[in-house]
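Participant: Before I ask anything, here is the structure I am working with.
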Amino acid sequence: RYEPTWDSLDARPLPAWFDEAKFGVFIHWGVFSVPSFGSEWFWWYWQKEKREPYVKFMDTNYPPGFSYEDFGPLFTAEFFDPNQWADILKDSGAKYVVLTSKHHEGFTLWGSKYSWNWNAVDVGPKRDLVAELATSVRNRTDLHFGLYHSLFEWFNPLFLEDASNAFKTRKFPTSKSLPELYEIVTKYQPEIIWSDGDGNAPDTYWNSTGFLAWLYNDSPVRDTVVTNDRWGAGSICAHGGFYTCSDRYNPGRLLARKWENCMTIDRRSWGYRRDARLTDYLAIEDLVKQLAETVSCGGNLLMNIGPTHDGRIPVVFEERLRQLGAWLEVNGEAIYGTKPWRAQNDTATPGVWYTFSPEEGKVNAIFLSWPVSGVLELGEPRPKLGETQVKLAGYMELLKWVALGEKGMVIALPQLTPQQLPCQWGWTLQLTDI
């Protein structure tokens, strides 16, 4: 049994499914999707920091005295079709999904008895959005279902009172945050608990180790659940299950512990923004690059989308997800279930990232631009004459190659028209017997 100490909890082996999955989709959805302006931190920027664009947006478009709580009934979700979401997630090639069950605004997407009149069953959609998505994902896909949960809430009076007491009192975690965590685990059995938002309070205030000991010892998901590292001030990149370290974390090198790069297709926001421009969205080439770099360095990619207040996945997000799914259809063997190789990227040619498929003993070289010369030089592999074979994923015939002394090789790529290429944004060479 795990003790409620970091030494004990950090020694728990991460369930194997998480490392094998490699790619998940993050969904930021909540009351912030109603103003859908600037950022999911809308309430904070408007009311606390009083940032000019936010204040002006409210003054121009809403009546005097309009409060953030007034957005609650406008979070309607009338177009939310959980089956359609599940099908898009499946087609993306993702192996897990993480939904924001509650962001820093405190609004829960399930009918929490600890969030009276500030949840999706009492206000707005009048639906249990967590239950609906969980059911559809489990019925229609093989994705693992996970939940994001914010420990703190910006304007909750109990949290503000504890904060003013330098966290010597613990009214908020004992009456709100911890009961919610136990509630979502017992009710929805998520296989990922993605914690966030410590409010600068230590893990002892949140009793994170006590909750995690229960989660790992006695909860209904004790054998399969994975957790991240955001369990109180100072725990990030130091304690918990896998490390996230910071948003959009991409170290470009191997780490000693399993890590995740959580990033967002919209460079400037996690929630949906009506004021986004096309140039704010990462192109599919950027996403393939992020995935290749992340997986080669031993990480998982958690790629975020923001649905609208009425429950639609905007078509630009759907397109990116389906494009990535089409890419993984061809190149998935170089991603799923792989391990880092002895070299993460190539020394001779930039933009080449390696993964290793242990079962087949295959080295995968993912290259992000097709060389004009039609030949690709690799500085890392040590080929064996008469034994090493080179294949292009999605193409039938073996490729010709020559060795460059002790280490390195030059590979002749097939001459293909754009229509004949197995995919359009990044390709995989599969090397055996090197």
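Participant: For region 1-84, which chymotrypsin sites (Phe, Trp or Tyr not before Pro) pass both filters: DSSP loop (anything but H, G, I, E, B) and at most 14 other C-beta atoms within 10 Å?
Facilitator: The qualifying sites are F66, F79.
Participant: Which label belongs to the value computed from this structure, given these candidates for volume of the Cα convex hull per residue in Å³: (1) 153; (2) 170; (3) 241?
Facilitator: Checking each listed value against the structure points to (1).
Participant: Please report the relative contact order for region 213-357, taking Cα pairs under 8 Å with a sequence separation of at least 6, and give it as a percent rounded to a whole number.
Facilitator: 17 percent.
Participant: Now a separate question. Which order do peptides 127-134, 313-320 fall in by mean Cβ count within 10 Å, highest first?
Facilitator: Order by mean packing, descending: 127-134, 313-320.
Participant: Would you check the accessible area of D203, probe 1.4 Å, heavy atoms only, in square angstrom rounded to 10?
Facilitator: The value for D203 is about 30 Å².
Participant: On a 0 to 90 degree scale, rounded to 10, what angle separates helix 82-91 from the longest Cα axis of the chain?
Facilitator: Rounded to the nearest ten degrees, it is 20.
Participant: Still on this structure, I have one more. Please list 183-193, 87-97 highest first by mean number of surrounding beta-carbon atoms within 10 Å per residue.
Facilitator: Final packing ranking: 87-97, 183-193.
Participant: Between helix 315-331 and the chain, what is the angle of the helix's C-alpha long axis to the longest principal axis, kept within 0 to 90° and rounded to the nearest 10?
Facilitator: That helix lies at roughly 40 degrees to the long axis.
Participant: Next up: Say R0 is 51 Å: what FRET efficiency, to the nearest 0.05, do E360 and A238 get from their beta-carbon distance?
Facilitator: Efficiency, rounded to the nearest 0.05: 0.90.
Participant: I've got another one for you. Could you work out the helix-only [θ] at 222 nm for the chain, with each DSSP H run of four or more residues adding -39,500 (n - 2.57) and the total divided by the number of residues, to the nearest 500 deg cm²/dmol?
Facilitator: Result for the chain: -7000 deg cm²/dmol, rounded to the nearest 500.
Participant: If you don't mind, there's one more thing I want to ask. If you average the sequence gap of Cα pairs under 8 Å that are 6 or more apart and divide by the length of the chain, what percent do you get for the contact order?
Facilitator: Computed over the chain, the figure is 17 percent.
Participant: Compare the Cα positions of A334, A233, T169 along the charge dipole of the chain (+1 at Cβ of Lys, Arg; -1 at Cβ of Asp, Glu; about the Cα centre) and return the one farthest towards the positive end.
Facilitator: A233
Participant: Could you tell me which of rounded, prolate or oblate describes region 339-432, using a ≥ b ≥ c as the square roots of the eigenvalues of the alpha-carbon gyration tensor, with rounded for a/c under 1.5 and, failing that, prolate when a/b is larger than b/c and oblate otherwise?
Facilitator: Since a/c stays below 1.5, the shape of region 339-432 is classed as rounded.
Participant: Okay, next question. Quick test of your reading: applying the under-4.7 Å Cβ rule, which cysteines of the chain are isolated?
Facilitator: Taking the Cβ cut-off of 4.7 Å, the unpaired cysteines of the chain are C262, C297, C423.
Participant: Moving to a separate point now. Evaluate the charge dipole of region 6-334 about its Cα centre and quote only its size in Debye, nearest 20, assuming +1 on the Cβ of each Lys and Arg and -1 on the Cβ of each Asp and Glu.
Facilitator: That gives a dipole near 300 debye.
Participant: Using alpha carbons only, how many degrees (0 to 90, rounded to 10) separate the axis of helix 208-217 from the longest principal axis of the chain?
Facilitator: Around 60 degrees separate the two axes.
Participant: Moving on to the next point. Grab region 339-432 and count how many Lys pairs have their alpha-carbon atoms under 18 Å apart, sequence gap of 8 or more, or different chains.
Facilitator: 8
Participant: Still on this structure, I have one more. Might you report the magnitude of the Cβ-based charge dipole of region 339-432 about its Cα centre, with Lys and Arg at +1 and Asp and Glu at -1, to the nearest 20 debye?
Facilitator: 80 debye
The values are calculated or read from the model by the stated rules, or taken from the named source; none is laboratory data. Because the structure is a prediction, the values reported are computed rather than measured. Cβ atoms come from the backbone with ideal geometry, glycine included; neighbour counts cover every protein chain shown. In case anyone asks, the SASA skips ligands and DNA or RNA and just uses the protein heavy atoms, side chains included. Shrake-Rupley method; radii C 1.70, N 1.55, O 1.52, S 1.80 Å.
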